[in-house]
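Since the structure comes first, as structure tokens, the remarks are kept for the end.
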Amino acid sequence: MTAVRVGSTEDAGSAGTVGQALTGTYGQLTLNANGSYTYVANQDAADPLDVGDIAYDYFNYTVSDGTLSDTAVITICIIGINDTPTAVNDTDSVNEDERITVRGGQDDVLNDDTDTDASSSLTVTNISHTNGNSDTVSESTTFANGTTIVGTYGTLTIGADGSYTYIADQDAADSIADGSSETDVFTYTVTDENGATATATLTITVNGSDNEVVAVTDTGAVDAGSTLSVTPESAGLLSNDTDNGAAALSVGEASVTEIRTGRENRSGTDGTVGSTLVGTYGTLTLNSDGTYTYTANTDAAKAIAPADTAIDYFTYTISDGTSTDTAELRITVTGINDPPTSTAPPTIRAVENQRIRIQSKTFFDDPDPNNNTYGQLTYSVSGLPAGLSINDNGRINGRLPEGTYTFTVTATDGGNLSTSQTFTIIVGKPGDKGEPPPPPVVVKPKTLETAIAKGTVTFETPKVQNQVTDLAVRSSLASIVKEYTFNGGMKVIDVAVEDLNIDQSGRPGINENTILGFAIGDDYRLNVKQYTGTLEDGSELPNWIRVDPATGQTIVQFPENVYSVDVKVIAIDNDNTTREINVTLDKNSVSRDTALKRDLEPFIDRSAALKTEVTVDEKGQIILESNDGSRDDVLNPNDSSNDDNQIEDPNNQSNLDNAPVIPEIIEETPAQDNLALDNQNPELEEKVVKFASLQDQIDLEFDEHENYGDKILKVSG
């Protein structure tokens, strides 16, 4: 070989040198003198050839034997192949909790990726994250319907066309401090139409910002009577609270600043963080770090039926120093079976062969609601003496001979929990004085006492708070009973004399061993289930004083040399609330009352016999009008037992000034032998009403009453 040249014809192109590289159209040819050659395709010139494309590179050469020479052409055929695309890394940025969107053709991830093939097209076929998440990108998709992958700080959706959208919505994004930034790195794969691939990264910088705290409702559960303690901080109220609803609050980032009772959308009682706050079913102590202690110890918690539940609601506020939010703490309290309770019964005294009635259930109770199986008590007894029986309700009934008896009553609830009490009955003979009587008691003025739920309230100058609707006095030599109704619901029926003596002068007196009695009525449906009694100092009643446990009726048979005694009657309702009434029984006072009654009785009898009318004149005196028209003064001011200015009648300018004068507001109806108080609406301002008989025991003060009703006082002859 003596010469080489580019081209297909002689003298057509650039001449080269045998043995040295000669650049053609698509590559370089090195032709040696012995005819061997090497051709290297030029990548820059050949790369544009698509798969299957053919191009030619021509060279002509000269051969010589020293004498003769000739030329020929070397034709190199260049066949196009698929070249690998080139992918370039991409970057972007966004603020936390915000979104960025890059559409196709607007600097999407393919915008700067290339392929040397002339007619090549690229698509995104795969997306992955450094956290291991990876997925295929479907063909012909965009950011609107592309493949979604979750990164560290946000969520990326990318289409095959290279468009994408990214939102920094992950918890980690909310933890980025204001002024700081973090990166979320994704790797995508580009592929040309012939399957050649390349990879690059999409790095998104997430900028932190100041977030608002978000409080989330918390729950707890505890049995009634127990304590729930929630510690440490990682388990407290802040453990599920977040920054802007995503990132969990870190220790010290926020704290509890306020606490109150009730639902979040309602009002309640404010408390102090770190101090005890009383809720509906228990007490809560909530600390600033979110730890808390709750004890289900209120009466409402104890009243929850076993296995039933109730929720105690509290509302708390958290703050990170710049933002606040509130949420509820809901504690579910489950009722348990509380054991029944009992109180020791007093010693019961009875008379032999007289009926004994004991409501033993009065001394037992169950904290559980009685409408629940667990709150229903059943009763059993051991050692019950012959002559007595007990029913399912714990009522003991029967008669016993003289002696002392003890037996034990057991109350059992629906959960098989029980309690027991021992009862003692001392049975004596009729008239048996039993233990020595107490020393004489100093006589003191009678006071009214209203039994209310919170102990005994004594009114030295008692006032009627409600309108008196029926105040009756029934009088006879065999029975003196006065009845009053007071605000508070308890009705006192005052002293009844069962043993009077009329001396030769016609005046009644009191026998030795006089029997006096009174009763307590349940006027306002207080559901009294048991009565008992003690002396005023709380000591046990002697056997000459008996209190009926079913009715409260109290009978006192005075022994010799005893003239007065103070008795305390105790009523117990269905809620085991105790009401007490103190009553002074005085034989001498009863004697004075009967003497006053004697002054009035003849005129009442005379009126009934003559079938005449008794009226009151303008001076307030009772006038007896006979059928013949004659008039007699029935009563004259001749008794000194009444106090001055006890009643003033504005209609008649009369009073009971040291006299049993009956004012106009009282008239007699002879057919019933009654004196009745008409509804004349007298104005009695802070005055003691004390009529002409039977009033030394109980004084009644009227206070600003406008309407007394038709018959306040009735005196029956």
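The values are calculated or read from the model by the stated rules, or taken from the named source; none is laboratory data. Here the structure is a predicted model, which means the values were calculated and not measured. Here the Cβ positions follow ideal geometry from the backbone for every residue, glycine too, while neighbour counts run over all protein chains shown.
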- Item | strands (runs of 3 or more DSSP E) (entirely within segment 114-186) containing at least 3 residues that are within 48 Å of the chain's Cα centre (by Cα) and either at negative phi or in the same structural domain as residue 202 (by TED's automatic domain parsing) (or both) | 147-150
- Task: Filter segment 188-213 down to residues that are touching an Asp or Glu at 6+ places or on another chain (Cβ under 8 Å), of a type outside the set (Gly, Ala, Ser) and assigned to a strand (DSSP E or B), then give me how many there are.
- Result: 10
- Could you tell me whether residue 232 is out of contact with any Cys (no Cβ under 9 Å at 6 or more places or on another chain), at negative phi and buried (at least 20 other Cβ atoms within 10 Å of the Cβ)? no
- Out of the residues in segment 265-318 that are of a type in the set (D, E, K, R) and part of a strand (DSSP E or B), state the one that is nearest to residue 235 (Cα to Cα). 312
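Every residue, every condition in (1) over 27 Å from residue 341 (Cβ atoms); (2) over 12 Å from the mean Cα position of the chain (by Cα), yes or no:
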site	(1), (2)
260	yes, yes
287	yes, yes
292	yes, yes
296	no, no
299	no, no
305	no, yes
315	yes, yes
- Restricting attention to segment 66-112, which residues are at pLDDT below 85, out of contact with any helix residue (DSSP H, G or I) (no Cβ under 9 Å at 6 or more places or on another chain) and either of a type in the set (D, E, K, R) or closer than 30 Å to residue 154 by Cβ (or both)? 105, 106, 107
- Message: Could you tell me how many of the residues in segment 337-355 are of a type in the set (A, V, I, L, M, F, W, C) and either touching a Phe, Trp or Tyr at 6+ places or on another chain (Cβ under 6 Å) or buried (at least 20 other Cβ atoms within 10 Å of the Cβ) (or both)?
- Response: 1
- Output the residues belonging to segment 396-420 that are surrounded by 16 or more Cβ atoms within 10 Å (Cβ to Cβ) and more than 35 Å from the chain's Cα centre (by Cα). 396, 400, 405, 407, 409
- Scanning segment 7-60 for residues that are closer than 16 Å to residue 77 by Cα and of a type in the set (D, E, K, R), which turns out surrounded by the most Cβ atoms within 10 Å (Cβ to Cβ)? 57
- Given (1) among the hydrophobic types (A, V, I, L, M, F, W, C); (2) buried (at least 17 other Cβ atoms within 10 Å of the Cβ); (3) touching a residue at least 40 places away in the same chain (Cβ under 8 Å), where does residue 277 come up short, assuming only one miss? (3)
- Query: Scanning for something at pLDDT below 85 and surrounded by 17 or more Cβ atoms within 10 Å (Cβ to Cβ), does segment 375-390 turn up at least one residue?
  - Reply: yes
- In the set 157, 114, 205, the lone residue that is in contact with a Pro (Cβ under 7 Å, 6 or more places away or on another chain), under 19 Å from residue 90 (Cα atoms) and of a type in the set (Ser, Thr, Tyr) is 114
- Query: Hey, which of the strands (runs of 3 or more DSSP E) in segment 319-417, taking only ones fully inside, have at least 3 residues that are under 25 Å from residue 299 (Cβ atoms) and touching a residue at least 60 places away in the same chain (Cβ under 8 Å)?
  - Reply: 324-334
